[in-house]
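The values are calculated or read from the model by the stated rules, or taken from the named source; none is laboratory data. Predicted model, so just to flag it, every value in this text is computed and none were measured. All Cβ positions, even for glycine, are placed from backbone atoms using ideal geometry, and neighbour counts span all protein chains on display. Accessible surface is based on the protein model in full, side chains and every heavy atom, while ligands, DNA and RNA are left aside. Shrake-Rupley method; radii C 1.70, N 1.55, O 1.52, S 1.80 Å.
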Amino acid sequence: MKRACVIGAGFGGLALAIRLQSSGIATTILEARDKAGGRAYVWEREGFTFDAGPTVITAPDALEELWALSGAKLADDVELMPVMPFYRLHWGDGTSFDYSNDEPRLRAEIARLAPGDLAGYEDFAQFAEEVYREGYQKLGAVPFLRFSDMIRAAPALVRHQAYRSVYGRVSGFVKSEKLREALSFHTLLVGGNPMTTSSIYALIHALEKEGGVWWAKGGTNRLVAGMVALFERLGGKIRLADPVVRVHTVGNRASEVETLSGWRERFDAVASNGDLMHTYRDLLADGPRGGQMAKSLAQKRWSPSLFVVHFGLEGTWPGIPHHTIMFGPRYKGLLEDIFDHGVLPRDFSIYLHHPTITDPSLAPPGMSTFYALVPVAHLGKLPIDWAEVGPILEKRILDEVGLRFIPDIHDRIITKFHYTPTDFVDDLAAYKGSAFSLEPLLTQSAWFRGHNRDDVISNFYLVGAGTHPGAGVPGVVGSAKATAGLMIADLRG
Ligand SMILES: Cc1cc2nc3c(=O)[nH]c(=O)nc-3n(C[C@H](O)[C@H](O)[C@H](O)COP(=O)(O)OP(=O)(O)OC[C@H]3O[C@@H](n4cnc5c(N)ncnc54)[C@H](O)[C@@H]3O)c2cc1C
C-alpha cells in the first residue's frame, strides 16, 4: 500500500486526505495545532462557540462529493442549514439591501434600491453565470502545471474580459454606486480588491446563486469535525499539536517528514497544506528548491490580513440577519488604503457575523454570538504593534456596531477577544499575516499560482489557498481535487 503525508488539516488538507484515503492510499495528516480546521479553528468561551474563520458555506456539492467517494453521505456527519437572506448590505445612511437567490425578492430589492438598474442586473447575472461555467465548473478543480494549460484557457479569458476588474465590469452593467458595491464586494471573501481582481471572480455571485448559502449546525467547526470523522472512519491517521519542521529530500524526491517532537517517517508522496512561503522557506530549507521559490514568492502580492472581534452578548437580536456587510463611507479609497497604501484608516467596512440567529446552540439560552471582521493591510505594508493597536480598534469596531444596531453593546458583553494579523503569523505561519495567501490577481492565478505538484520535487505537492483556484472553502476543496488527481495517478505509477 502506498503511503502519503498531508501537512496541515485546513479544509484543503482534509479534503485531499479524504480523497487519498478513499482511493486506498494510506494517508497521515500532520497538524501543528491542537485542533484541525486551520483558518476554521474554533474557541469555546463561557458557553459561547466562536468559529474563527469561514461562516459562509457555499458549493455544498463539492463537500458532498467527499463523502460520496466512499458511498457515505455528508448528512451522516453534518447538518447543513440554509441561510436566508444570503447577506444584508447596510450603509451608514440607514439604507439596506437584502441579497439572495430568491429572484422575485431580489428583483424587488433592486427595484427599491436602484429601479433603473434592473435590466443591467439581469445582464450582470448572465455574465456571472457564464464565467461560473467557464472558470469554476470547467477549470476550478484542474491543475495548471504547464504554461500551455494557461494558453488553452486564454481565449475564454479574453472573451469574458478577464483583464477588467470585477468593479469595472459591474459598473458597465449598473449605475447605482450602492448596487455596484453590493455586486462587487464578494472578491474580499477570497482576499481580492474588487477594483483590481479579475472580473472572472464575478463567478462567486453565480456560485452562491446556484448552490445557496449554508450554515453547518453547531458551527463551521462541525463541518471540520465531520471531515475528520470521515477520514478516520476510512482508516486515515491524524497527528495533532506537532508541527512539521522539515521535509527531507534525496535528489529531487521528498523522502522523509520530520516534526518538532522528533517524530520522523518515510512517505511515498508528501503534500503541504501550509502557507506557501512557510512551505518553501522553512520546510524545504535543506535543498536549493526551497530558497529559490521563497525568493520568488517574496516578490508576489500577498492578500491583506484581517482583524476580527469575537463577542458574546446578553440578549437576542431577531432583527440582525446571519450575515451583514456594513459598508463605510468610502469604498474605493478604503480599498486603496488596505491593499496599496498600508495605512490603518479611520473608517472601515465591517462584516458582522451573527450565527445564533440561525443556530441558537452557539450561545447559552437568551444570549448571542457575534464576530465583526474588518480587512486590514498585511504586516509587510502595515508593520504596527497589534498588541497596542488591537484594543483601540476593537473598541472602534464595537462602537460602530453599537451605533448602527445595538446601542448598549458595551453593557451587554459577557465575553470578547480579538484576532490580529500577528495571530495569523503565530498560529498559522501565514506570511505577513496574510489571511488568504497570494492576492487573487489575474497575474497570480491558475498557472501563476502555487502549482499543485512542485515543478522540481516530483513527489511533493501543494494544496490550499496558495494554489489554483485559490482561497475560500470551495476554492481549497477544488484545489484538493486537482492535487488528489495528480497524486493518485503518480502513486499508481
Ligand atoms: C476570518 C476568516 C473568514 C473567512 N470566511 C470565509 C467564508 O465565509 N467562506 C469561505 O469560503 N471562506 C472564508 N475564508 C477563507 C477560508 O477560510 C480559507 O481560504 C480556507 O479555509 C483556507 O484553507 P486551506 O486549505 O488553505 O488551509 P488553512 O486553513 O490555511 O490551514 C492550513 C493548516 O496547515 C497547518 N500547518 C501550517 N504549517 C504547518 C506545519 N509546519 N506543520 C503542520 N501543520 C501546519 C496550519 O496549522 C493549518 O491548520 C475566511 C478566512 C478567514 C481567515
*Applying the selection to region 228-246, what residues are surrounded by fewer than 17 Cβ atoms within 10 Å (Cβ to Cβ) and outside any strand (DSSP E or B)?*
229, 232, 233, 235, 240, 241, 242
_Out of 346, 412, sole residue that is modelled with pLDDT under 95 and either at negative phi or open to solvent by 50 Å² or more (accessible area, probe 1.4 Å) (or both)_ = 346
*Would you call residue 167 within 30 Å of residue 454 (Cβ to Cβ) and open to solvent by 10 Å² or more (accessible area, probe 1.4 Å)?*
no
*Tell me which residues, restricted to region 468-493, are near the ligand (Cβ under 10 Å from one of its atoms) and not in a loop (DSSP other than H, G, I, E, B).*
473, 474, 475, 476, 477, 479, 480
*Residues being closer than 22 Å to residue 312 by Cα and open to solvent by 40 Å² or more (accessible area, probe 1.4 Å) - total across region 361-392*: 7
*asked:* Looking only at strands (runs of 3 or more DSSP E) that lie completely in region 287-404, which have at least 3 residues being over 23 Å from residue 439 (Cβ atoms) and over 22 Å from the mean Cα position of the chain (by Cα)?
replied: 305-314
*State all residues of region 1-24 that are open to solvent by 10 Å² or more (accessible area, probe 1.4 Å), at pLDDT 95 or above, more than 16 Å from residue 257 (Cα to Cα) and hydrophobic (A, V, I, L, M, F, W, C); if no residue qualifies, say none.*
11
_Candidate set: region 29-50, residues that are within 9 Å of the ligand (Cβ to nearest atom) and among the hydrophobic types (A, V, I, L, M, F, W, C); chosen: the one surrounded by the most Cβ atoms within 10 Å (Cβ to Cβ)_ = 29
*For region 135-152, what are the residues that are among the small types (Gly, Ala, Ser) and within 15 Å of residue 440 (Cβ to Cβ)?*
135, 140
_region 431-445, residues that are of a type in the set (A, V, I, L, M) and open to solvent by 40 Å² or more (accessible area, probe 1.4 Å)_ = 442
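Is it fair to say residue 465 is touching a strand residue (DSSP E or B) at 6+ places or on another chain (Cβ under 9 Å), modelled with pLDDT of 95 or more, within 30 Å of residue 320 (Cα to Cα) and within 12 Å of the ligand (Cβ to nearest atom)?
In short, no.
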*What tally of residues in region 170-212 results from selecting those that are more than 22 Å from residue 445 (Cβ to Cβ), within 18 Å of the chain's Cα centre (by Cα) and surrounded by 24 or more Cβ atoms within 10 Å (Cβ to Cβ)?*
0
*With respect to the numbered conditions (1) surrounded by fewer than 24 Cβ atoms within 10 Å (Cβ to Cβ); (2) among the aliphatic types (A, V, I, L, M); (3) more than 15 Å from the ligand (Cβ to nearest atom), which one is the sole condition not fulfilled by residue 428?*
(3)
*Given the conditions (1) in contact with a strand residue (DSSP E or B) (Cβ under 6 Å, 6 or more places away or on another chain); (2) away from the ligand (no atom under 15 Å from the Cβ); (3) open to solvent by 30 Å² or more (accessible area, probe 1.4 Å), report the number of the one that residue 418 does not fulfil.*
(2)
*asked:* When you check residue 330 against the structure, is it under 21 Å from residue 8 (Cα atoms), open to solvent by 50 Å² or more (accessible area, probe 1.4 Å) and basic (Lys, Arg), yes or no?
replied: no
*With (1) within 16 Å of the ligand (Cβ to nearest atom); (2) closer than 27 Å to residue 269 by Cβ; (3) out of contact with any Lys or Arg (no Cβ under 9 Å at 6 or more places or on another chain) as the list, and residue 19 as the residue in question, which single condition is left unmet?*
(3)
*Taking region 247-286 only, how many residues are in a loop (DSSP other than H, G, I, E, B), free of Cβ contacts under 8 Å to residues at least 24 places away in the same chain and either more than 12 Å from the ligand (Cβ to nearest atom) or crowded, with 24+ Cβ neighbours inside 10 Å (or both)?*
2
